Amino acid sequence: MPGSIKDRVAIVGMGCTQFGTHWDKGPGDLIVEAVQEAYEDAGINEERIGACYVGTLFSMGGRAVSEPLRMQYKPVTRLENACASGHEALRAGAYAIAAGIYDVVLCVGFEKLKDEGMSGLPGMENRTCTHYQSTMPGVFAMMANKYFDRYGIKPEEGKEMLAKISVKSHANGFLNPKSHLKRKLTIEQVMNAPIIAQPLGLFDCCGVSDGAAAAILCSPDIAKEFRPDPVYIKALQICAGPSTGRMLKNYDYTHVEESVRAAKAAYEEAGVKNPREEISMAEVHDCFSITEAVTMEDLGFSERGKVKDDIDAGTFHLDGKLPVQPDGGLKCFGHPIGASGIRMVYELYLQLQGRADKRQLKDPTLGLAHNMGGEPYMPLTSVVIVGN
Amino acid sequence: MAGITSFGAYIPWHRINRELFSGAWGGFNAPGERSVAYYDEDSLTMAVEAAIDCLGDEDAGKLDGLFFASTTSPYREKQCSPIMAMALDMRRDIRTADFNTSLRSGSIAMAQAVDTVKAGSAGRVMVAMADMRMGGLSGFNEQLIGDGGAAFIIGNDNVIAEIEEIYSISDELTGTWRSQNDVYVCSWEDRMIQDEGYTPVLTEAISGILKKTGLEAKDITKAVVDNPGDPRGHSKLLADLGFTPEQIQEPITMFMNVGFCGCAHAPMMLVSCLETAKPGDKILFAGSGAGADVMIMQVTDNIEKLPKKRGMSQHLAVKQPLERYNAILQWRDLVQIEAARRPEKQHNKISAIWRERKSILSLYGKKCNKCGCIQYDNGANSTGPIRICAECQSLDDFEDYRFADKQGEVFSFTNDQLAPTIDPPSSVVLIDFKEGGRAFFDLTDRVAEDVKIGMGVEMTFRKIHFDRGYVNYFWKARPVRFDN
């Protein structure tokens, strides 16, 4: 890699709405709330913003944000990169700062999903109408079945392993005032929930939520003009693969190659040698419990095929060695697609500044956020590392 | 002499015990069970299945024609045999024709194929027939009618049953009919159809062909005659013509297991007859409806060399009973089901489907000329095209590779309760083809609880999407149904 983003961009203001089913709020409400919080956090207003980058899956153009914010003729660009759209907006903003084109930019991620009259995402069929009839829970369920089969885990054991992941995230989400799902669960409740796609049950699946999140980025030399405790971007990586896991027999369906590659590049960019030891906390794309399990291995936090040992040991709990989803994750904080990437960084930012209240971890220094859009055999992934 | 060179049959996997009809509607039920085409099957897909059985290991590229017969063609305007020719992987320079509306469309198509071959217009012609008519709900026809198909190759070489004579009668009696707007079969009183249609017409036709050929009833090894109505009337007709019970291809097996399969019924009985026929046998075959076609066939020594077919016997044996009557109402879209709270399916894009027709209808993928990688792309954006090799990234350097006749193994699976499907859960499999290649497919004709990693699957041609009158056909996987 010829260049690195490490320490070339600072985050000096962030905002995030309550995530959830906002029947009484439209996308404009969510965007205004998240951006206003970020402005106040940085102590600025719209005049200071040089450009704006918007990550969202289902809206058209930059005006989706410029309109509700009544932005005064600024360069506003909408970016879409599946579930990594939020990280993509951050990346565009950070690169603009690093290039020296702007000194302060606004990055916004949002999604208003709860106007469809159903759970889940609006349709994404293929052009020839020949796509197999499976939902996202279905294709991740196939990953769980394959993981159990490959490592000789009995279906009941596998269900329990996954249940522990959801129980942990629900415990964290319970402590978070802005999370979508605030309910503590037991392993039995998770295991006995209705099946969505065998073997995944209701509580193996993340929330489908409305929400928005925003970040103010600036160049490091002016960062302390805004806040005494800026957070610095250490790595920003995106990875799209050839989508051949469903075509070639060498794909094992128990890992996500794009996550492995994005993480490797991010560690190199941030100078991380041993992620399990050096990363203080992580917010990963736990769209389903199995996804979090496999991601622990893909990010190098757990050994291949051994994540069960770490789950059993509580490694990823708030009081564990490497807390994962301190804010509740997609599972409980919720998953408004375009907002999620920036929401993850929002939690890392609060933790690094010591502002995470009941969830506060002890002296974190480096946080990792990971997104994954699409099926395990052909996703788009992102890994972002921030630190103080 | 022109004749049959191969045969095949198809009976849907699903059967319904007729007790479920009286259980649902009250009244009484006939004994036995009938076949029920699955929600993703129609007459076209059943005819393709029968044709695949008929072909066996033969190369469809060597056939010169394809005739499709059905009174339940999926289209009122649109020829179906070219869709089937794609599914079967036939050439473009062939004679195709659809024979519709008559309950003897099957025998008409066979007679036309014989004449086409005799005239030298085609060397070998595939004739495939299937029907899935519907009797009015709660009525007796709903119990008696079944779904199924048959197929024959007509040619001059390696003939297993020479067709020595064909004799036809045209007769006007509106006994059963469906207008342009009817979904269910309409009919006049069955006694009149028996007394003034079926019995005198078949008597005239069978007597006529015997006279024309100088044969007597005793010269016939088996009389294969359909029975659109009471099977007892069928036996009386043939007894009155001088046939002994041993000479009659019995109609009871079809009645008790399958039901009356419209224009495919007599051909399916003929398949049963040919499965046990011996060299030297003389067969009288008749299809009836608004007249009759009768044929005299001479079985040759070649029948002993014909590879074993799934035929009627294996299809009869491998089946899945329905647990509830209302499955039929769902599968035939006869009741309005509450829409799933899922995204509505998009409209078919005929241009997109057309340009990938070889991938979709013929199930062709690619084999890389550089690295040998066998690949099929049933992708998130579209099925096909493959321009760059998934393995070595070579550009446009492939030969076409057909997956339709290949078996595979389940690499992983799910039973998805959320995906909207007519018979939930949606069983989806990622399969590794034994000879190379991997792809996702819907799994049909399955018991969801039995789906396992490592399970053997084969490909079957099905309806995948119906929208605004257009049927999108594609291939699905199914658990291997037969040994051969």
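Among the strands (runs of 3 or more DSSP E) confined to segment B:384-484, the ones with at least 1 residues that are of a type in the set (Gly, Ala, Ser) and farther than 23 Å from B:Gly372 by Cα are located at B:408-416, B:426-433, B:456-467, B:470-479. Kindly indicate whether any position in segment A:210-226 is over 21 Å from A:Tyr132 (Cα atoms), in contact with a strand residue (DSSP E or B) (Cβ under 6 Å, 6 or more places away or on another chain) and in a helix (DSSP H, G or I). Taking every residue of segment A:210-226 in turn, at least one turns out to be over 21 Å from A:Tyr132 (Cα atoms), in contact with a strand residue (DSSP E or B) (Cβ under 6 Å, 6 or more places away or on another chain) and in a helix (DSSP H, G or I). Segment B:1-52 holds strands (runs of 3 or more DSSP E) entirely within its bounds, and those carrying 1 or more residues that are under 12 Å from B:Gly148 (Cβ atoms) and of a type in the set (Ser, Thr, Tyr) map to B:3-10, B:33-35. Picking from residues in segment B:414-455 that are buried (at least 20 other Cβ atoms within 10 Å of the Cβ) and polar (S, T, N, Q), the one that is farthest from the other protein chains (Cβ to nearest Cβ) is B:Thr444. Meeting the requirement of 1 or more residues that are within 14 Å of another protein chain (Cβ to nearest Cβ), the helices (runs of 4 or more DSSP H) wholly within segment A:243-304 are A:257-270, A:289-298. Where residues in segment A:310-322 are free of Cβ contacts under 8 Å to residues at least 60 places away in the same chain and in contact with a Phe, Trp or Tyr (Cβ under 9 Å, 6 or more places away or on another chain), which of them is farthest from A:Ile165 (Cα to Cα)? Looking at the filtered set, the residue picked out is A:Leu322. The single condition from (1) in a loop (DSSP other than H, G, I, E, B); (2) free of Cβ contacts under 8 Å to residues at least 12 places away in the same chain; (3) assigned by TED's automatic domain parsing to the domain that holds A:Ala339 that A:Ala193 fails is (3). Criterion applied to A:Asn126, A:Asn145 was being at the interface with chain B (Cβ under 7 Å from one of its Cβ atoms), surrounded by 15 or more Cβ atoms within 10 Å (Cβ to Cβ) and in a helix (DSSP H, G or I), and the one residue passing it is A:Asn145.
Listed here are the residues, each with its yes/no results for (1) of a type in the set (A, V, I, L, M); (2) facing chain A (nearest Cβ under 7 Å).
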| site | (1), (2) |
| --- | --- |
| B:His347 | no, no |
| B:Ala352 | yes, yes |
| B:Lys370 | no, no |
| B:Ile386 | yes, no |
| B:Cys389 | no, no |
| B:Gln407 | no, no |
| B:Ser412 | no, yes |
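Considered as a group, the residues in segment B:354-368 that are within 30 Å of the chain's Cα centre (by Cα) and of a type in the set (A, V, I, L, M, F, W, C) include one that is nearest to the other protein chains (Cβ to nearest Cβ), and that residue is B:Ile360. Only one entry in A:Glu116, A:Glu111 is touching a residue at least 60 places away in the same chain (Cβ under 8 Å) and of a type in the set (D, E, K, R), namely A:Glu111. You will find that of B:Asn141, B:Asn227, B:Asn156, B:Asn181, the residue that is out of contact with any helix residue (DSSP H, G or I) (no Cβ under 7 Å at 6 or more places or on another chain), closer than 30 Å to B:Asp53 by Cα and assigned by TED's automatic domain parsing to the domain that holds B:Gly61 is B:Asn141 and no other. A single member of B:Tyr376, B:Tyr401 is in contact with a Gly (Cβ under 6 Å, 6 or more places away or on another chain), touching a residue at least 12 places away in the same chain (Cβ under 8 Å), more than 10 Å from chain A (Cβ to nearest Cβ) and under 28 Å from B:Met90 (Cα atoms), and it is B:Tyr401. Considering segment B:473-484, the residues that are at pLDDT 95 or above and of a type outside the set (A, V, I, L, M) include one that is farthest from B:Leu361 (Cα to Cα), namely B:Pro479.
Every residue, every condition in (1) touching a strand residue (DSSP E or B) at 6+ places or on another chain (Cβ under 6 Å); (2) assigned to a helix (DSSP H, G or I), yes or no:
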residue: A:Gly28; (1), (2): no, yes
residue: A:Asp41; (1), (2): yes, yes
residue: A:Glu67; (1), (2): no, yes
residue: A:Gln72; (1), (2): no, no
residue: A:Thr77; (1), (2): yes, no
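Being more than 29 Å from B:Met86 (Cα to Cα), in contact (Cβ under 8 Å) with a residue 60 or more places away in the chain and of a type in the set (S, T, N, Q) is a description that applies to B:Asn326. Given the criteria crowded, with 21+ Cβ neighbours inside 10 Å and touching an Asp or Glu at 6+ places or on another chain (Cβ under 7 Å), does B:Gly408 qualify? Taking the combined requirement at face value, the residue satisfies it. Please indicate, with yes or no, whether at least one residue in segment B:94-106 is part of a strand (DSSP E or B), of a type in the set (Lys, Arg), in the same structural domain as B:Lys308 (by TED's automatic domain parsing) and in contact (Cβ under 8 Å) with a residue 12 or more places away in the chain. Yes, there is a match, as at least one residue in segment B:94-106 is part of a strand (DSSP E or B), of a type in the set (Lys, Arg), in the same structural domain as B:Lys308 (by TED's automatic domain parsing) and in contact (Cβ under 8 Å) with a residue 12 or more places away in the chain. Scanning segment A:305-345 for residues that are surrounded by 24 or more Cβ atoms within 10 Å (Cβ to Cβ), among the aliphatic types (A, V, I, L, M) and not in a helix (DSSP H, G or I) yields a total of 1. Of the helices (runs of 4 or more DSSP H) lying entirely inside segment B:234-352, those containing at least 1 residues that are over 29 Å from B:Phe67 (Cβ atoms) and of a type in the set (S, T, N, Q) are B:326-331.
The values are calculated or read from the model by the stated rules, or taken from the named source; none is laboratory data. Predicted, not measured: the structure shown is a model, and the values here were computed from it. All Cβ positions, even for glycine, are placed from backbone atoms using ideal geometry, and neighbour counts span all protein chains on display.
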